[in-house]
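Every read-out reported here was derived from the displayed coordinates using simple, explicitly stated rules and does not represent laboratory data. Quantities reported herein were computed from a predicted structural model and do not represent experimental measurements.
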Amino acid sequence: MPGRTRSAPPPTKHRNADLVPEGKRPCPICGKAMKTTRRGADSLDVCKDHGIWLDKDELARMFQRRTRSFERRLNDAKQQAQRHGFFWGALLL
């Protein structure tokens, strides 16, 4: 909907997050502490030498969240197409 902003949901905390807090988690390859980066509601552990590491089921949650976002935008475009006629709606998709 126009003019309406959505805030990102709070990141889900992994059940073992208290054992090794974010920012102190070791890289599975080199053992150095990884930096934690936030992208919206997602928390990514990054090793400068070995890349991004995701927690269990984190990739699936990211994919589901983005799929829902795409579906909302597609439905909004379809509704707008119905209001403004097929031609203009097709251009918006």
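Each Cα pair under 8 Å and six or more residues apart adds its separation to the average, and for the stretch 19-71 the resulting relative contact order is 21 percent. Amide hydrogen proximity for ASP42: with H placed 1.01 Å from N in the peptide plane, no residue at 5 or more positions away or on another chain lies under 5 Å. In sequence order, the stretch 52-57 has phi-based couplings of 8, 10, 10, 6, 4, 6 Hz under the Karplus curve 6.51 cos²θ - 1.76 cosθ + 1.60, θ = phi - 60°, and Gly or Pro positions carry x.
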